[in-house]
Each structure stands twice: as C-alpha cells, then as structure tokens.
Amino acid sequence: MTIPFAAVAILLLAAFYTDLKSMTIPNLLTVSFLAGGFFFALLSDGWHGLLLSLGGAAAGFIPLLVLHLAKGIGAGDVKLFAAIGAWIGTMAVLQLMMYAILYAGLVGLLLLVFNRPFARRMTAGLSMLTSLPLGSRLGASSWFTWAKSGRTFPFMLAVAPGAITMWMLTI
C-alpha cells in the first residue's frame, strides 16, 4: 500500500467514526488531511505533483459541492472528498465518488422500503428477531428503528463500502 492510500484509509476510518457518532466530519480532520495531501505531493513530485493534487482536490470538491447545495449531503462530506482527492488524484477520487453515490442510492432504496407502510408491517415481524441475543449483537434493532424513522443517514455508510469496492477492483 502506498503512502497516499494509507493516508486516505486513516482519513476514512476517522471520518467514519465521527460521522456515525455525531453525523459530522470535523474541519480539523478534513483540512489537516487536505494540507497534508498538498504537502506530500509537493515533496514527492514537486510543483507538478502539487498541481495534480490541486486538481484532485477540485475533482473531489466541485461535484459534491453541487450535491451539498441541493441539500443532498453535508459540508463535511464535500471537504472530505477534497482531502481524498488531494491524496489520490482526480481519477481515483471520481471513481470513489461514483461507488459512494451508488451505495448511497442502495441505502436510500433500503430506507424507502423500510419507510413504506407495507414494509413497516413486514419488518415488525422481523424486529421481533432483534430481541434475540444474536440480533441485538448485530445491531439489527437500531437499524430497524433508524430505517423506520425517515432520518437522513451518514454518507460515510456509503463512502466506506465505496472505498472498499474501489480498492478491491484496483488490486
């Protein structure tokens, strides 16, 4: 694993934790990794590397800024993808973005299914399974409660499997 991908893995782990815990991704995390990506690119490849890193950051930032302005994602997610782009470049961040959006669509579809009245009746029987020891250990109870509530979900629930998919397909 190269240094940029290791840095992105650390960034994604930290963002995953904070996003699930508080539905925010701290500016300190994203801005420090963004600056670190620029600095690493400058040290490793000079001014050309810095320009490529700036291009990757813009490729991660601009499309998600449009989603943020449409109230689709939070500002922390936009800054997160800018930091990721600074480390791994334009094509890789766009590929990750594509996978994350596909997974977000899948999560959204699941939420839609669980919010429908018929699905609520169907999951009522399934939620009885959550009272079993194995069901509660797997977090099934909280998933059903959260899915039925109609709330938004942390985008990192889509970004994490998107990153795993991207890395699996590039190995």
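Among the residues of the stretch 8-26, is any of a type in the set (S, T, Y) and open to solvent by 90 Å² or more (accessible area, probe 1.4 Å)?
yes
Of the candidates A104, A124, the single residue that is open to solvent by less than 70 Å² (accessible area, probe 1.4 Å), aliphatic (A, V, I, L, M) and either modelled with pLDDT of 95 or more or farther than 25 Å from V8 by Cα (or both) is A124.
Residue selection: A70 fails the criterion of being on the phi < 0 side of the Ramachandran plot and open to solvent by less than 20 Å² (accessible area, probe 1.4 Å).
Taking the stretch 10-24 as the region of interest, how many residues are hydrophobic (A, V, I, L, M, F, W, C) and free of Cβ contacts under 8 Å to residues at least 60 places away in the same chain? Residues that pass the stated criteria total 3. Might you let me know whether the stretch 38-58 holds any residue that is open to solvent by less than 30 Å² (accessible area, probe 1.4 Å) and under 13 Å from the mean Cα position of the chain (by Cα)? Within the stretch 38-58, none of the residues are open to solvent by less than 30 Å² (accessible area, probe 1.4 Å) and under 13 Å from the mean Cα position of the chain (by Cα). Yes or no: I88 surrounded by 13 or more Cβ atoms within 10 Å (Cβ to Cβ) and within 13 Å of the chain's Cα centre (by Cα)? Against the criterion (surrounded by 13 or more Cβ atoms within 10 Å (Cβ to Cβ) and within 13 Å of the chain's Cα centre (by Cα)), I88 does not qualify.
The values are calculated or read from the model by the stated rules, or taken from the named source; none is laboratory data. Predicted model only: the values in this text are computed from it and were never measured. Glycine gets a Cβ as well: all are built from the backbone with ideal geometry, and neighbour counts include every protein chain shown. To get the accessible areas, we keep the full protein, side chains included, count just its heavy atoms, and leave off ligands, DNA and RNA. Shrake-Rupley method; radii C 1.70, N 1.55, O 1.52, S 1.80 Å.
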